[in-house]
Amino acid sequence: MKNRKTQLTIILLIVTIAIIAVLNITLDSYKIKIFTLCGIYIILGLSMNLINGFTGLFSLGHAGFMAVGAYVSALLTMSPELKDSVFYVAPINPFIKVIQLPFPLALIVGGLAAAGIAFLIGAPVLRLNDDYLAIATLGFSEIIRVVITNTQTLTNGSLGLKGITRYTNAWWAWGIAILTIFFMIWLIHGMYGKAFKAIREDEIAAEAMGISLFKHKMMSFVIGAFFAGVGGGLLGHLIGAIDPNMFRFILTFNILLIVVLGGIGSITGTIISATAVTILMEVLRFIENPINLGFVNIPGIPGMRMVVFSLMLMGVILFYPKGLMGRAEFNWDYFLKKKFLRNRKKSA
């Protein structure tokens, strides 16, 4: 049975790669960008679900970690000449100016920088719980954004970074998304994942069982921040420009929305909701344009897209209060058991 599951997983992976290749060839540039965004939001959704869903920490600092990853990776991939042209108000720090790394290495360094910031933040705030933790992490996220805005020689301040090479494509986004999915599955099904879930269910009981609360909370927080930093780096290199206003609380809210909609504590749910939300947000743009139905003309209303999207989400939450998947996961056992039962009926 285990070998059969491995074979099916490999087949699914090959089919996924084939689909990415076909879509990358057949879709136009706009649709490919949306498809790429789906992969990035899967990474971001999974990173937040690890912290909020599997460990039960109500963290709202994701936008700050994304900002760190985006700025660090962007600065590391920009050439010294480009940095000179962008930093025209105040000269860039000489040390940062001369450093230039390949895109994959810059992403990793950006993720590690976000993880390092999370480690420093986690030391004081992870001793808090529930709403207090949410307020503290949100506050630190805003502090990161304000620091970025006011460090002119390091980040170019409120002017942001322009002319970033657009390295991110469907292959990079979905390749890293697939690696993130497999890593999360491995982590959650291992002993650390069991410890995370135990902390989520009952901290006192988990501590009584010998689980170090601070150690495992910190591990979850740092790993989630690392992937948030990588996601921020991918987003920056997809758009080609970043500034501090991109990383406000609304960005954290959008990722939290994906986690809640898919199911808090479900990897499968996060993948489905990240893809669905990203696509729907673009599909519903036609509502904001004038619509001619023949017998009546409906004027375009700016912001109507978010109203309709919110109503759709309310409908989903009413019928699926625990999200689309709850805490359930995709499992080959369901398909293999159905096939086994069909074969038994035929043989009988």
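The values are calculated or read from the model by the stated rules, or taken from the named source; none is laboratory data. What you see is a predicted model; the values in this text were computed from it and never measured. For neighbour counting, all protein chains shown are included, and Cβ atoms are generated from backbone atoms with ideal geometry for every residue, glycine included. These accessible areas exclude ligands, DNA and RNA; they are computed on the full protein's heavy atoms, side chains included. Shrake-Rupley method; radii C 1.70, N 1.55, O 1.52, S 1.80 Å.
Here is how the numbers come out for the structure above:
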| read-out | value |
| --- | --- |
| Paramagnetic reach from Val98 in the range 37-81 [backbone N under 17 Å; point 7 Å along Cα→Cβ] | 76-81 |
| Positive-end extreme of charge dipole, the chain - chosen from Leu280, Thr151, Ser310 (charges on Cβ) | Leu280 |
| Reach of Lys83 by Cα under 20 Å, taken over aspartates and glutamates that are not fewer than 8 positions away in the same chain | Asp243 |
| Chain lengthening between Ala241 and Tyr88 when straightened (0.36 nm per residue, less Cα-Cα) | 53.5 nm |
| Test item: Cα-centred dipole of the range 68-178, Lys/Arg +1 and Asp/Glu -1 on Cβ, debye | 220 |
| Stretch gain in nm, segment Met191-Thr9, where the contour uses 0.36 nm per residue and the Cα spacing is subtracted | 63.3 nm |
| Solvent-accessible surface ranking, highest first, for Ile250, Ile121 at 1.4 angstrom | Ile250, Ile121 |
| Dipole of the chain [Lys/Arg +1, Asp/Glu -1 at C-beta], most positive-end residue of Asn49, Gly269, Gly139 | Gly269 |
| ³J(HN,Hα), Karplus 6.51/-1.76/1.60, whole Hz, each residue of the range 52-66, x for Gly, Pro | 7, x, 8, 9, x, 9, 7, 9, 10, x, 4, 4, x, 5, 4 |
| Heavy-atom accessible area per residue - the chain, 1.4 Å, Å² | 52 |
| Accessible area of the chain belonging to carbon and sulfur atoms, whole % at 1.4 Å probe | 70 |
| Unit charges on C-beta of K, R, D, E only; dipole of the chain, Debye | 1540 |
| Accessible-area value, Arg4, 1.4 Å probe, nucleic acids and ligands omitted, Å² | 100 |
| Cα-based equivalent ellipsoid, the range 28-95: semi-axes from gyration tensor eigenvalues, Å | 31, 20, 8 |
| Calculated diffusion of the chain, Stokes-Einstein form, Kirkwood radius summed over Cα pairs, 20 °C and 1.002 mPa s, µm²/s | 98 |
| The range 1-158 shape via C-alpha gyration tensor axes, a/c threshold 1.5 | oblate |
| Cβ-derived FRET efficiency at R0 56 Å, Met312 paired with Met218, nearest 0.05 | 0.90 |
| Three-way shape call for the range 115-263 based on the alpha-carbon gyration tensor, with the a/c threshold at 1.5 | oblate |
| R0 of 41 Å, Cβ-Cβ distance Glu329-Glu207: FRET efficiency to nearest 0.05 | 0.95 |
| Estimated vicinal HN-Hα couplings, Hz - the range 190-204 in sequence order (Karplus 6.51, -1.76, 1.60; Gly, Pro = x) | x, 5, 5, x, 5, 5, 4, 5, 5, 5, 4, 6, 6, 5, 5 |
| Solvent-accessible surface (1.4 angstrom probe) belonging to Ser158, in square angstrom, nearest 10 | 80 |
| Using a Förster distance of 30 Å, the FRET efficiency for Met281-Asp131 (Cβ separation, nearest 0.05) | 0.60 |
| Phi-based couplings in Hz for the range 306-318 (Karplus 6.51, -1.76, 1.60; Gly and Pro marked x) | 5, 5, 5, 4, 5, 5, 5, 5, 4, x, 5, 5, 5 |
| Magnitude of the charge dipole, the range 1-153, Cβ model with Lys/Arg +1 and Asp/Glu -1, debye to 20 | 520 |
